[in-house]
Amino acid sequence: MSRKALPFDPGADATAGPRRSAQAKLLWDLAEVALPPGERVPYHLEVKDNSTVGEPNVGRSRTYYLRVFSPREKNEQNVERLRELAERALRILGGRLTAPADDAAALEALHRDTAAMVVEAGTLVAALEDDVLAGEALRRALIGLRDRLDALASAEAKALAPAKKAAVPQP
C-alpha cells in the first residue's frame, strides 16, 4: 500500500495571525487507484502546527478504514434486509390476527410497528436502486408493499386518533 499526502490549504489570512482551528472538505478520488472488491484502504489525518521553536508538533488521528464493497456483497446485505423485513411483516400480521379489538395499547403498538416497517421498506427501496443484481420487479413489488402499508398506517392513525384523545386526561 502506498502512502499519499494530500495538500490542505485552510485559506489562512496572513494578517489575522495564527489560527487555532481549521476545517475543510476533501474529495478523495479513488478512481486513480485500482481497488478490488473487499479491499480495505487505511487512512488517517496528520496535522502540523505553526511552531517556530524547533520542529513543528505533529498530531495524528487514529487509523480508519474504507472498505470497497462488491455488487455481490451489497446484494447479499439487501437480501438479508429483505428477509428481516419479511419476518417483521409476519410478526405484525400475527399480532393483528390475535390482538383483541378492544385493546387500545396493543393496537397502538401494532400501528407503531407498521409505521416503522413503512420507513424500513422505503430505505430498502432506496438501497435496491443502487443494487445492480436486484431486479426491477423486486423493487416495484417492494414499492407497492410500502405504499399499501403506508395507506394502512394512515387510515389506522385516523381511526386511533379518537381513542388517543379520550385517553388523555382533561384538566
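The values are calculated or read from the model by the stated rules, or taken from the named source; none is laboratory data. Owing to the predicted nature of the structure, the values given are computational and were not obtained by experimental measurement. Cβ: placed from backbone, ideal geometry, glycine included. Neighbour counts: every protein chain shown. Keep in mind that these areas ignore ligands, DNA and RNA; they rest on the heavy atoms of the full protein, side chains included. Shrake-Rupley method; radii C 1.70, N 1.55, O 1.52, S 1.80 Å.
A few comments on the model shown:
To keep it simple, each residue is scored yes or no on (1) aliphatic (A, V, I, L, M); (2) closer than 30 Å to residue 106 by Cβ; (3) over 22 Å from the mean Cα position of the chain (by Cα).
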| site | (1), (2), (3) |
| --- | --- |
| 34 | yes, no, yes |
| 40 | no, no, no |
| 56 | no, no, yes |
| 64 | no, no, no |
| 76 | no, no, no |
| 84 | no, yes, no |
| 90 | yes, yes, yes |
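- Test for residue 105: is it exposed (fewer than 12 other Cβ atoms within 10 Å of the Cβ) and either outside any helix (DSSP H, G or I) or not polar (S, T, N, Q) (or both): yes
- Leading residue by the ranking (most open to solvent (accessible area, probe 1.4 Å)) among those in segment 131-148 that are charged (D, E, K, R) and in contact with a helix residue (DSSP H, G or I) (Cβ under 7 Å, 6 or more places away or on another chain): 146
- Pairs are defined by a Cβ separation below 6 Å, a sequence spacing of at least 6 or placement on different chains, a first member in segment 25-38 that is modelled with pLDDT of 75 or more, and a second member that is open to solvent by less than 100 Å² (accessible area, probe 1.4 Å) and among the hydrophobic types (A, V, I, L, M, F, W, C); the pairs so defined are 35/68; 37/68.
- Residue check, residue 86 surrounded by 13 or more Cβ atoms within 10 Å (Cβ to Cβ) and among the small types (Gly, Ala, Ser): no
- Here segment 111-130 is the region considered, the condition is being without any contact (Cβ under 8 Å) to a residue 24 or more places away in the chain and over 18 Å from residue 152 (Cβ atoms), and the residue that is surrounded by the most Cβ atoms within 10 Å (Cβ to Cβ) is 123.
- Flag if residue 145 is under 26 Å from residue 73 (Cβ atoms), touching a residue at least 24 places away in the same chain (Cβ under 8 Å), part of a helix (DSSP H, G or I) and in contact with a Leu (Cβ under 7 Å, 6 or more places away or on another chain): no
- Answer residue from segment 29-83, given it is surrounded by fewer than 11 Cβ atoms within 10 Å (Cβ to Cβ) and of a type in the set (Phe, Trp, Tyr) and is farthest from residue 126 (Cα to Cα) among those: 64
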